Structure formats: structure tokens, C-alpha cells
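What follows is a short report on a single structure.
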Amino acid sequence: MTDILSLKESVLVYLDRSGGLQKLSEDCKPFNDPQQIEAVYRFCISVNPSDVIEVDPVLGDCLLRDPLRATALFKSVCFLAIKTLSLLEKIHTESQVNVILKLTHLPPFPEYTLDLRRFPRGYGPMRPVSIEGLVIAMTRVTKYTQGARFLCINDDCPCSTGFQCIRVHAPGATESATVRNNFSCMICSSQLKEDVKFRVLGDKQLVELIHVKALDGLGVHQKSPLRYQSVTLFLRDELCNSMRIGRLYRVIGIPAHVHQWPGITWSVEANSVEPWEPENPCKVSASFQELLEVTAGSPWRFSATLANSFGLDVAPPGLYNTLKLGLLLSLVQTRADAKDRLHNVDLLVVTSDTLVLDRLMTYSLSLACRGVRHQTSGEMFASLSRDEHGAGTANIHAGSALLATGGICMLGDLGCYKKDRLDAIQSVLESCTVSVFIPGKKYGEDADQQLSLPVQCSFWALTDSTDPSSRRSGRADCAVLGTAEMGPVPIQLADAFGLVIQCRDMVGEHALLAQTVHTLQQAVHPGNPLYSSCWEFSTQDYKELVAHARSLQVDLSPGAEKIIHGYYMASRRVRTQSQGVKMSVASIKLLISLAEAHCKLCLRTRVLEEDAVIAVLLCENSVTLKHGASALVIPPDAVFPCNLGDVDGLHKRDVTLDELHQNILRFIYTYAPGADTYITEE
């Protein structure tokens, strides 16, 4: 008894020092409404374990090792404080006080960390643990019973009136543990009957959390023999809707074994939730730092050399350079903490050689912070199943696009998809959301529901321009108009992708021979350097560079902003008048994203005019492939107009890009409304 009184005294000291008593007083005020009478009153108390240990080490040990006992101590002290200070007259017994202790953190020791890869999970102590993982499924918010009042059917028993018999939900308890019809009175052993009008309901949501390494099986990383199993989290009340499918979180929770006859389910009652990102400190390799110094005289040479030397395991240098640059730009612009589509770059590749380009895109996917390759037999966006934990509500499972949140979702060849799936892809690209229809009758609801889930990833796809079954009709003049044959992809879907890149065989049989020789040499001499005159960087070098560039924060310079705005206004005016093509607001977002991505790839923090020039050239080529050429006449491969095998090639490219820069300025000056106020004629 002395020990318990000492612990309660320590609880009171901690609440006084931490402001807990003041918050308890404020939390009681809403309950003083005379029309609001409940059996149980819920109070959340924020508890810092470090501060508790400073007040009383024994109490701190109790909090971390036996949280249910610690909760009972705080509950008793809070009840005494409420009665002593007359904070809430409606509370008559201690059982009416429902205290939830919210831990701010846990000690950074292995004993308080639960690795989701660790099995088996036996009957350990119900101590709080920290869990880190990826949300792969979640249910809708449903109701559960926070507390209920029971009365004894024996009128002579003291428990037949008042608030003596109160049952409150405990971590790991099922609904039947709180409310059912076979409870017995502790005094006279008569049956207890619930007073339904005093039942207190709360919100509940179930979430499936899995180790983030489980995504390696959906990407291109080396397959692991490990098998991952998800764990079920119970989110209650204020924690509901605090997690989103496809995002990473750190959760403090209490493990519990939920008994559902005939089985036992291991789950976790969440105590606190916060977004989490793995710490992957990265630095630019010495090789890239040397290259950055060598190319410091030109704002274009560093990124050009990166693209030219990229993916040498798949394609020789000089081949598909525009695509390689586009892949790198998409990688550095797609951030794990992306909150808006402005930070993503979707990419559609038009080619006649889908095999080699699929390999190149697959190789690039391995550099992403999170890369998911969608399988045509799998679910792309979301699927439904019935919850297995007694609620019977709909459980929403993440598809490839939601699992790739903050990363890249590679769709592969769009010729493998049916029309309804292509329409769904177009809808998601345009709205950045996916709609999930939940039939109410099937999942125990009164009415059907339509949910919208945000999709925050970049999509990569390719299409076979030689597909004979899907050629456009009446487009025999494609070479004159500048448009490209896109196989089974309708023009509306191509517009939704934003950036379209066509990989042409500019040198005919020479390109085929170069690719053939490269593939044979890779097979005969794997791992040996093949091009002595070319900069060669390892895959790890590129991975570190992409990770570092992705973390950079950049801002637009006035010059870059004027070029982007001017080109958008001029292009919208020209194409609307001559072609009837409407340039949407998504076009200017794409321009900004590409300019920022090129700036990051060059390891700068300020977007220059030269970055905007690259963005304009890529966008103009993309729009030309879809709708034909405009008054801004540029070559098909404007970003890489010549071979980059030596310094002379890089110099020639700089000269050509300078000329194209002037052409863009003249185009803006001529066609953009009001351009003469910020673009000089000379």
C-alpha cells in the first residue's frame, strides 16, 4: 500500500510539472454540458517517459514495462483530482474515468523496438514497442464501444443503481469483452444488464503494416529468400485516418493477442503515429565530383555526360540519350515526401524496340527510392476484401501504384492492357486520385460508398510504335506533321502522361549493330569496361547521386521563370489558333518540374535559364509527337543533337543549345502576349 501511495504521489508531481493537471481541467469543460450524460469520460494524457523517470525511476519502469498498471495509477490520480477540484460533477466513481496515456517516445534500445521481420512473435510482455513499416491495407472507420454501464437485475443489490459496474475497452480486447449479455454481478452473482442509453462509442480503424523491404519483391532488386508477414494495427479515436496507404510510419503501440475462437490473432494497439522516412545518408562519389569540376564551364555538360554514360549495362553510350536523361530527371524529381503532383514526372516512351528499352527502364527503376514494377495479372490501384477481425467492413488493399507512393510505378508495355485498364490509367494520371467503390450490401453498410485515394508516384510506360493492330487511321503524313505513331495508346492517354519521348534509330543499321555488339560483349566479358574513351560510373555511384539530387531544395530564378511562362503563353496561343490544341495548366507544371529536375541533376539549388531551355525542348518535342510541329521549329532530338564521344561533341552541343535558346526567346517575343515587357528584341 505504501508503494502504491508513493507511486500515486509521483504521478501527481509529474502531472503538476508537465501541465497535465491544467490540461485535465480544460478537458473537463466540454463534458459539463447538462444535456451530455455518459457512463465513461475519456481523457488523453501526453506522457514523456524520460521526464517520468526523472521524477520517479520506479514509476518510469512501471510505465515502460507494465503500461496497464501505470494507466491504472494515472486513472486513480485523475479521479481524485477531478473530485477534489470539482472539475466534473457527473463523475461519481473511479471506473467512469477512462485515461489514455500517449507516449511521446520510447528509449532507443532494442528491447523497445519491434522488427517486423522478426518471428516468431510469442507471448511477450505487453510493453510498448516502436514499429516502423509500410501501410499496405486499411479498413474504413467503424465504431467500437469505449465503455458501457451495467446494472444488476437484483433490486436489493447496490449495483442495481449508480455507476458501480462500468466496463471499459482495454488494449487487445474484443467487442465482446466490453459488451455482452452474460456478465455477473461481483456482489450477488446475479446477471448484469446493460443500460444502453449510457453506452459510449468511439471510432476504430484497422491498418496492415509490413516491413518496407517487402517491396523488394515487387521491384527489380535481388530477390530475398525471406518472407514477410504484415501485422494488424488498431487505430482508435483521434488516431483514425492518421495513416495513408503506401506511406511509411513509425508507430508506438502495445502488442496484444486477440482471442477470436478458435484462433488467436497477434496485433498491436497503436498509441501514437508519426510519418517516417529511413535515414539513408548519401554523398556524391569522387568520380562525379571530378566530373562536376571538369564540366563547370557549361551548365549543360554535366547532365549530358551523366546521360551519355548511364545504363551502360544495357545500352552503349550515345544510344537513347534523350530517354536516359528523361529517366534521370524523373528519378531526381520524384521525392519520397511528395505532397503534390508538381514533384513528379510521368514518362511515356514510343519505340520500335520494346525489349531493350524495357531493360533500360527496369535498370533505372533500381535507382528509385521506391520502385514497383506492375505485373499485368496484379492489381494496379486498389482491391477490396472483407475484414477478418470481426468488423466485417471493407478492407482496402494497395495496388502497385499506391505501393509506389513517393517513387516510380513502371507499367511496362501498354499494348498488354485492355481498353478499360488504359481508361483507368488515364483517369488516374489526370486526377491524381483513384476511386474505390464499396458496395454497402456486401460489406454491412446501409448505402454504397465511393472513396478517393491520392496517387502520388511517377508512372513509366512504353508503347510499340510498330504494333500493326493499333495504327492510327489517316496519319500517313506523320513525317511531315512531326507526330509519331503511338501504337495502342490513344492521344488522350498520351496527353495525360505529359512527357512523351520517341526513341528513333537515327543511324539506321549502325544503331542495331552497336546494340548487338554491346550485348554480345556484355555476355562474353561481364563486368569488364567496354568503352575506354567514355566516363564510366558504377550503379552505386548513380544511386547515391540520384538520392542526393532528390534531397536538394531548389528555387526558380527570374530568368527561368520568364522563359517557362513565356513559352507556355506563346505555345498555347500558337497551337490553339493553328491546331485547335488546348495547352492545359498541367503543361506549365511539367515545365517547372523538368526545369527543377535538371537543376537538381546538375547539383545546383537555383534553376537557371539553361535548365528552363532543356525543359522547353523536352516539352516541345513531346507536344510535337502528339499534335505536330508549331512555329517553334526544333530538331527531333533537340536535347542531344550530336554525338558526345569527345570534348568537341560537347562543345558542338553547347553551341547548338545556345542557338535553340535564342530561337525560344524569339518565339516568346513574337507570340507570347506582353512578352516585350520582359524579353528584349536583340
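The values are calculated or read from the model by the stated rules, or taken from the named source; none is laboratory data. In this text the structure is predicted, and so the values were computed from the model without any measurement. FYI the Cβ positions are ideal-geometry reconstructions off the backbone, even for glycines, and counts take in every protein chain you see. Accessible surface is based on the protein model in full, side chains and every heavy atom, while ligands, DNA and RNA are left aside. Shrake-Rupley method; radii C 1.70, N 1.55, O 1.52, S 1.80 Å.
List the helices (runs of 4 or more DSSP H) that sit entirely inside the range 585-681 and contain at least 2 residues that are under 25 Å from GLU430 (Cβ atoms).
The qualifying helices (runs of 4 or more DSSP H) are 585-601, 609-627.
Does the range 371-389 hold any residues that are of a type in the set (A, V, I, L, M) and more than 18 Å from GLN205 (Cβ to Cβ), and which are they?
If the condition is that a residue be of a type in the set (A, V, I, L, M) and more than 18 Å from GLN205 (Cβ to Cβ), then VAL372, MET380 are the ones that fit.
Going through ILE45, ILE4, ILE91 one at a time, which residue ends up being in contact with a helix residue (DSSP H, G or I) (Cβ under 8 Å, 6 or more places away or on another chain) and closer than 22 Å to ALA270 by Cβ?
Details: ILE4 fails: closer than 22 Å to ALA270 by Cβ; ILE91 fails: closer than 22 Å to ALA270 by Cβ.
Selected residue: ILE45, the only one of ILE45, ILE4, ILE91 that is in contact with a helix residue (DSSP H, G or I) (Cβ under 8 Å, 6 or more places away or on another chain) and closer than 22 Å to ALA270 by Cβ.
So which residues in the range 365-375 are touching a strand residue (DSSP E or B) at 6+ places or on another chain (Cβ under 7 Å) and either in a loop (DSSP other than H, G, I, E, B) or of a type outside the set (Lys, Arg) (or both)? Working first, answer last.
We begin by selecting, within the range 365-375, every residue touching a strand residue (DSSP E or B) at 6+ places or on another chain (Cβ under 7 Å); these are 365, 368, 371-374.
Answer for the range 365-375, where residues must be touching a strand residue (DSSP E or B) at 6+ places or on another chain (Cβ under 7 Å) and either in a loop (DSSP other than H, G, I, E, B) or of a type outside the set (Lys, Arg) (or both): LEU365, ALA368, GLY371, VAL372, HIS374.
For the range 298-315, give me each residue that is open to solvent by 10 Å² or more (accessible area, probe 1.4 Å), outside any helix (DSSP H, G or I) and touching a residue at least 60 places away in the same chain (Cβ under 8 Å).
Those that are open to solvent by 10 Å² or more (accessible area, probe 1.4 Å), outside any helix (DSSP H, G or I) and touching a residue at least 60 places away in the same chain (Cβ under 8 Å): SER298, PRO299, LEU312, ASP313.
Please pick out the residue among ALA615, ALA597 that is among the hydrophobic types (A, V, I, L, M, F, W, C) and touching a Phe, Trp or Tyr at 6+ places or on another chain (Cβ under 9 Å).
Exactly one of ALA615, ALA597 is among the hydrophobic types (A, V, I, L, M, F, W, C) and touching a Phe, Trp or Tyr at 6+ places or on another chain (Cβ under 9 Å), namely ALA615.
Can you say whether LEU319 is more than 30 Å from PHE43 (Cα to Cα), assigned to a helix (DSSP H, G or I) and open to solvent by 10 Å² or more (accessible area, probe 1.4 Å), as far as the supplied structure shows?
When the stated conditions are applied, LEU319 does not pass them.
Kindly state which helices (runs of 4 or more DSSP H) lie completely within the range 18-91 and contain at least 1 residues that are touching a Cys at 6+ places or on another chain (Cβ under 7 Å) and open to solvent by 50 Å² or more (accessible area, probe 1.4 Å).
Because the criterion is at least 1 residues that are touching a Cys at 6+ places or on another chain (Cβ under 7 Å) and open to solvent by 50 Å² or more (accessible area, probe 1.4 Å), the helices (runs of 4 or more DSSP H) in the range 18-91 that meet it are 67-84.
Considering only residues that are open to solvent by 10 Å² or more (accessible area, probe 1.4 Å) and small (Gly, Ala, Ser), which ones fall in the range 441-462?
Residues satisfying the conditions are GLY444, ALA447, SER452.
Take SER427 and tell me if it is under 15 Å from MET380 (Cβ atoms), assigned to a helix (DSSP H, G or I), modelled with pLDDT of 85 or more and among the hydroxyl-bearing types (Ser, Thr, Tyr).
Yes; evaluated as a whole, the condition is true for this residue.
Scan the range 102-122 and give yes if some residue there is of a type in the set (Ser, Thr, Tyr), farther than 16 Å from LEU21 by Cα and open to solvent by 30 Å² or more (accessible area, probe 1.4 Å), otherwise no.
Scanning the range 102-122 turns up at least one residue that is of a type in the set (Ser, Thr, Tyr), farther than 16 Å from LEU21 by Cα and open to solvent by 30 Å² or more (accessible area, probe 1.4 Å).
Give me the residue from the range 381-410 that is part of a strand (DSSP E or B) and β-branched (Val, Ile, Thr) and, out of that set, modelled with the lowest pLDDT.
The residue in question is ILE396.
Check LEU355, LEU384 and return the single one that is surrounded by fewer than 20 Cβ atoms within 10 Å (Cβ to Cβ), without any contact (Cβ under 8 Å) to a residue 60 or more places away in the chain and more than 27 Å from LEU325 (Cα to Cα).
LEU384
Would you be able to say whether some residue in the range 246-267 is modelled with pLDDT of 90 or more, in contact with a Pro (Cβ under 8 Å, 6 or more places away or on another chain) and not in a strand (DSSP E or B)?
yes
Here are some residues: VAL647, VAL616, VAL585, VAL623. Which one is under 27 Å from PHE459 (Cα atoms) and open to solvent by 50 Å² or more (accessible area, probe 1.4 Å)?
Selected residue: VAL585, the only one of VAL647, VAL616, VAL585, VAL623 that is under 27 Å from PHE459 (Cα atoms) and open to solvent by 50 Å² or more (accessible area, probe 1.4 Å).
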